[in-house]
Amino acid sequence: MQTAVAHESAAAKSARALGLPSATALVIGSIIGTGVFTMPAVMASAGTASLLVLGVISIGALLLGTMFGQLTKRIPSSDGGLYAYSKHEFGDFAGYLTAWCYWITAFAGNAAIVASWVLYVDSLFGIHNPSSWTNFAIAMTGLWIPAAVNLVGIRQMAWFQNVTVVLKFLPLIVVGVVGWFFVKTTNFGPFNATGGSLYSGISIAAGVALFAFIGVECASIAAGRVKNPRRNVGRASVLGTAASAILYLLVTAAVMGLVSHQALVGNGAPFVDAFQTMFGRAAWVGKIVALTAVISGIGALNGWTLVTAEMPRAAAEDGLFVPQFAKTFRDGTPWFGILVSTAVASGLMAFAYSGNTGLKVFTYLVGLSVVTVAIPYLFSACAQLAFLVSRRRKVNGWALGRDLAIAGSSVLFSLWVTFAAGYQAVYQAMLLFLVGIPLYAFLKSRRERIGQAIEPAELSEAQLAEEVTLTPTQ
């Protein structure tokens with residue numbers, strides 16, 4: 001006799017529309033957005049030491065991807081990824097805090113991506129000195145087109161993601177491979193270009209590199225949409241992160257060798273100068289760069305739109321998030337989460353364009369995203385550590401040492417992410433973190449009323465009277 005536990009329903013099977021290629025494309029598309037097109041300029045301001053920093057952070061991201069795969073394999077219900085790991089190991093409150101922090105990361109990150117994406121749209125269509133309202137309208141296009149694609153269905157979203165990943169990879173590979181034939185060693189700047197301590201250069205490089213790798217966890221969060229998740233989530237995480245890391249290193253180093261250090265530092269569009277070095281200064285060169293950035297950004301927003309809704313949906317189904325986030329279409333598309341998350345990101349963009357420039361808001365959103373994602377990373381790493389040092393573990397010997405090294409390194413990596421973000425970002429992220437606690441109080445009381453949570457035992461009036469009687473008078 002077939003049981004519900006042993007066999008998924010037809011609806012559940014249809015929701016798992018992401019195979020290994022699509023899940024890998026989701027990871028790549030979520031990691032590589034518009035940030036890669038500004039990364040070389042920021043890295044150059046830190047010096048060539050930034051390439052070493054990028055390599056170290058790439059290794060850290062790969063370790064995280066490996067750990068997410070290990071967690072997905074052993075946790076019975078891994079839908080929601082980081083949220084599921086924390087809830088399984090540390091209980092409802094930890095699961096809720098993970099979902100809350102990651103939701104902030106996701107919609108703030110979408111706003112940051114689209115703020116940068118707007119600049120390339122302006123360049124592509126030759127929009128000079130646009131008004132704040134013009135850029136806001138462009139930003140709304142960048143946010144709501146991916147939302148519409150996701151609302152059509154998971155399969156359509158996966159197809160769109162695969163296409164945009166291919167289109168964004170081709171021009172980047174041109175720079176990362178062909179560009180090396182035009183590299184001049186004299187263009188590379190000093191090892192430490194900050195004029196201060198080496199540590200200050202490392203901090204500059206770490207900030208942008210850490211933000212660039214947010215997305216390594218996307219396959220684990222969308223585990224409920226992945227075919228054979230216990231096998232494919234880990235593989236997609238590692239393959240997608242490795243491909244992104246290799247591309248980041250090749251492209252960033254190539255641009256630093258194609259454009260002189262002086263011209264690269266502070267350059268808002270370093271890829272334009274890099275392409276012009278290779279192909280001359282024709283007008284079409286800048287258009288190709290802008291088009292590449294536009295495609296890359298829209299692909300990243302497509303993947304992040306799904307991820308933004310997936311973790312709140314999984315938490316809401318457990319009663320640990322606003323219940324409406326559990327609403328889905330028949331095919332499993334989390335339509336309420338997509339709409340609300342995109343609306344919140346739109347509100348942030350309205351704030352960004354309420355003045356003459358959104359640069360300060362963009363910088364703030366980047367820092368906020370880095371800190372709030374570090375908290376779920378830390379919970380996940382600690383969940384794996386708790387398992388490994390407990391009597392429940394089934395690994396011994398060399399395998400235990402390997403897994404402990406991965407989990408321990410992930411803990412340190414998460415703490416470094418927070419430290420590198422700076423005091424202001426940590427302060428503001430902590431305020432948003434604390435705002436979520438009163439919301440949990442209401443959610444918990446609701447779960448108690450409907451029998452989803454055990455009510456804490458309170459002292460009865462008789463017990464209180466007895467304590468008063470036994471308490472000696474002063």
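Here are some notes:
- Prolate/oblate/rounded label for segment 83-128 (Cα gyration tensor, a/c 1.5): prolate
- Helical runs assigned H by DSSP (4 residues or longer) give the chain a calculated mean residue ellipticity at 222 nm of -25000 deg cm²/dmol, each run adding -39500 (n - 2.57) before division by the residue total.
- Folded to 0 to 90 degrees: helix 359-388 orientation relative to the chain principal axis, Cα: 50
- Using alpha-carbon coordinates, inclination of helix 92-124 to the longest axis of the chain, degrees: 20
- Within the shell of other residues whose beta carbon sits under 14 angstrom from the beta carbon of Gly215, the net charge comes to -1, with Lys and Arg scored +1 and Asp and Glu -1.
- The label-point distance for Leu404 and Ser131, in a model that sets each label 7 Å from Cα toward Cβ, rounds to 6.5 nm.
- To the nearest ten degrees, helix 20-31 and the longest principal axis of the Cα atoms of the chain are 70 degrees apart.
- Estimated vicinal HN-Hα couplings, Hz - segment 233-242 in sequence order (Karplus 6.51, -1.76, 1.60; Gly, Pro = x): 4, x, 5, 5, 4, 6, 4, x, 5, 4
- Tensor-based shape of segment 262-418 (alpha-carbon gyration tensor, a/c under 1.5 rounded, otherwise prolate or oblate): oblate
- Estimated vicinal HN-Hα couplings, Hz - segment 276-284 in sequence order (Karplus 6.51, -1.76, 1.60; Gly, Pro = x): 5, 5, 7, 10, x, 9, 6, 5, 5
- Packing-based ranking, highest mean first, of 223-230, 29-36, 452-459 given that Cβ atoms within 10 Å are counted: 29-36, 223-230, 452-459
- Taking a sphere under 11 Å around the Cβ of Phe275 and counting the other residues whose Cβ falls inside, with K and R at +1 and D and E at -1, yields a net charge of +1.
- Convex hull volume of the C-alpha atoms in segment 165-217, normalised per residue: 102 Å³.
- Summary value for segment 10-424: 35 percent relative contact order, contacts being C-alpha pairs under 8 angstrom separated by 6+ residues.
- Estimated FRET transfer efficiency (Tyr423, Ala282; beta-carbon r; R0 41 Å; 0.05): 0.35
- Taken over the chain, the percentage of Cα pairs per 10 Å bin, counting from 0 up to the bin with the maximum distance, is 4, 20, 30, 25, 12, 5, 2, 1, 0, 0.
Where a number appears in this text, it was derived from the coordinates with a stated rule and is not lab data. Model, not experiment: these values are computed from the prediction. All Cβ positions, glycine included, derive from the backbone under ideal geometry; neighbour counts span all protein chains shown.
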